[in-house]
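Before any comments, here is the structure.
All of the numbers you see were taken from the coordinates with simple rules; none came from a lab. Owing to the predicted nature of the structure, the values given are computational and were not obtained by experimental measurement. As a convention, Cβ positions derive from the backbone with ideal geometry for all residues, glycine included, and neighbour counts pool all protein chains shown.
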Amino acid sequence: MFVALSLQCPAAESRTPREARPHDIEGLYVRAAYILDDRNISNIHGVTAMLERCTQWGHPLAAELLLDVYEGRRKGLPPHPEKAAKLAHALAQNTLKLDSNHPKAHQVQSESMFRYALYCEKGFGREKSEKEAISWMLKAANADVGRARVELARYLMDKSKPYSNPRKAMQLLRAQAKKDPYTPNVFFYLGHAYMAGYGLPRPMPQLAFECYSIGEKVKDHRAINNLAAMYEKGIATSRDLNIALQLYKKAADLGNKEASANMQRLAFIKAEIETGTPDALRVDYATMRVIEALPLSQRIRNLLSAPLRAHAEKLRRK
């Protein structure tokens, strides 16, 4: 199977991918990557075709970047799920041959297994298939993709599935946390497993708290959100709404939408239990905290908060 890619370069039509000169391939890839990375360049016409040519020539980094483009994660380019799924499958199966002399070739192939597993799970560019998702995630995990081990553990923690194996899931998470603590979601899932008692004799909230605390240090926003909840409820630690609110804000600043909602909710709760605070002032405080969590520059947040700060100060003086 070969990925059907649209080429529009007359100079390349007369030669096969392996006949292209290495510096031509590398130069084209560097140019495409530069266009996508430079925020000052708005004209991105033709960059997808450039990456498609480089990918046909076997350039691993071009193939990886092209998957980003097909997923719609680069500079506002529209997603092409079907193309992403075909390309990831071809790379994972090694039917689209990459330059074996390139130091990143094996890594890109392994990462493509991981991506294709997620495509199978979510039905991105192809039909959903739980069986294929697990199969490809296992292949990626065996190919030393850390994120694949974490997501494979997620599959194994689902007790409603016939392949459920919480004990194996815990082994995978512990091993990956030790090997690379910066693996996305590793401390979130590890904390969740300890909290629920997956693969354990009983739930261990204190160990969950420790995992979420490590997650805060490595900026795992999902772990931080859960750590905030533990402070809010007083689970495995003393109840502290101020710390909880700070942690919800930290997670929200990292892009966690659930934390943004939690911060808004807790802001109102905290204001309500502060005796003597007028309703209008509580609303001002809560709204300012929500604004602080928005994904905007600090200058814009300050402009939005300024009228609220002035109103709150007026109320305090009364």
Name the residue from PRO295, HIS311, GLN264 whose Cα lies farthest towards the positive end of the charge dipole of the stretch 219-318, charges +1 on Cβ of Lys and Arg and -1 on Cβ of Asp and Glu.
HIS311
For the peptides 87-98, 72-83, 295-306, what is the packing order when you average, over each peptide's residues, the other Cβ atoms within 10 Å and list the highest mean first?
87-98, 72-83, 295-306
Percentage relative contact order, the stretch 111-196, counting C-alpha pairs under 8 Å, at least six apart
19 percent
Let me check against my output: what whole-number percent is the relative contact order of the stretch 219-318, with C-alpha pairs under 8 Å and at least 6 apart?
21 percent
Per-residue ellipticity at 222 nm for the chain, helices alone: DSSP H runs ≥ 4 residues times -39500 (n - 2.57), over residue total, nearest 500 deg cm²/dmol?
-21000 deg cm²/dmol
Which of SER42, SER260 has the fewest other C-beta atoms within 10 Å, and how do the rest follow up to the most?
SER42, SER260
Between the stretch 43-72 and the stretch 286-310, what is the C-alpha centre distance in whole Å?
39 Å
Scan of the chain for chymotrypsin sites (Phe, Trp or Tyr not before Pro) in DSSP loops with at most 11 other beta-carbon atoms within 10 Å gives a longest site-free stretch of 3-162
Remind me, relative contact order of the chain in percent, using alpha carbon pairs under 8 angstrom and six or more residues apart?
7 percent
At a Cα cut-off below 28 Å, give the lysines reachable from LYS314, other chains included and same-chain residues fewer than 8 away excluded.
LYS249, LYS270
Set of lysines near LYS83 by C-alpha distance (under 25 Å), chain-local residues within fewer than 8 positions excluded
LYS75, LYS97, LYS104, LYS122, LYS128, LYS131, LYS139
